[in-house]
Amino acid sequence: MIKVLSNEEARELFQTARVARLGCVVNGEPYVVPINCHLEGDRLYSHSLSGLKISGLRANPHACVQVDQIESDLHWRSAIAFGKYEEITRSTERAEVLSKLLHRFPMLTPVESSIAIDGYSAELIVFSINIERVTGVSEE
C-alpha cells in the first residue's frame with residue numbers, strides 16, 4: 001500500500017541515504033546525476049568539480065534532489081527535495097561543509113578528496129540546494 005511520508009520521514013531519508021540524484025535543467029533538457037549530500041536544516045549541501053551540472057545550475061538554479069531506500073519491490077521509500085542552487089564561496093563555510101561531507105563520505109574520489117582536504121581550492125564547487133519543499137512516498 002502506498003503511503004505519503006511526513007515531512008520528517010522524508011527528511012530522514014536524506015539523512016541516511018548514501019547516494020542522491022540531483023535533477024536540473026541543462027540547455028533546456030532535464031539532467032540527472034548522482035551526488036553525495038548532507039542535509040542541515042533547509043539546506044542540502046554537496047560538492048562538484050566544474051562541469052555540465054554546475055553550468056546548468058548557474059544558468060537555472062531550480063533543482064531537485066531525490067533519494068530512496070529500497071529493500072524489495074514491495075518495501076521501499078522515496079523522497080524528493082525541491083529548491084534552488086546556491087554556491088558556497090566563503091572559505092570558512094566551504095571548509096566546514098567539506099569537512100562534514102568528508103566525515104560522512106570518506107571515500108570520495110581521490111581527485112576530490114585531495115582537493116577537498118584544504119577546503120580552499122577554486123576548482124572544487126561547494127554548493128547547497130536551499131529546500132523549498134520536500135515530498136515522499138513509501139510502499140510497505
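The values are calculated or read from the model by the stated rules, or taken from the named source; none is laboratory data. All figures in this text were calculated on a predicted structure; none of them were measured in a lab. Cβ atoms come from the backbone with ideal geometry, glycine included; neighbour counts cover every protein chain shown.
Out of the residues in region 79-95 that are assigned to a helix (DSSP H, G or I) and exposed (fewer than 15 other Cβ atoms within 10 Å of the Cβ), which is modelled with the lowest pLDDT? Among those residues, the one meeting the criterion is 91.
Taking first residues from region 43-64 that are more than 14 Å from residue 24 (Cα to Cα) and partners that are small (Gly, Ala, Ser), the Cβ contacts under 7 Å between residues at least 6 apart in sequence or on separate chains come to 43/128; 44/81; 44/128; 45/128; 47/116. Looking only at region 44-62, residues that are farther than 20 Å from residue 17 by Cβ and charged (D, E, K, R) come to 1 in all. Inspect all residues belonging to region 53-70 and state whether any of them is at pLDDT below 95, loosely packed, with under 13 Cβ neighbours inside 10 Å and more than 16 Å from residue 136 (Cα to Cα). No.
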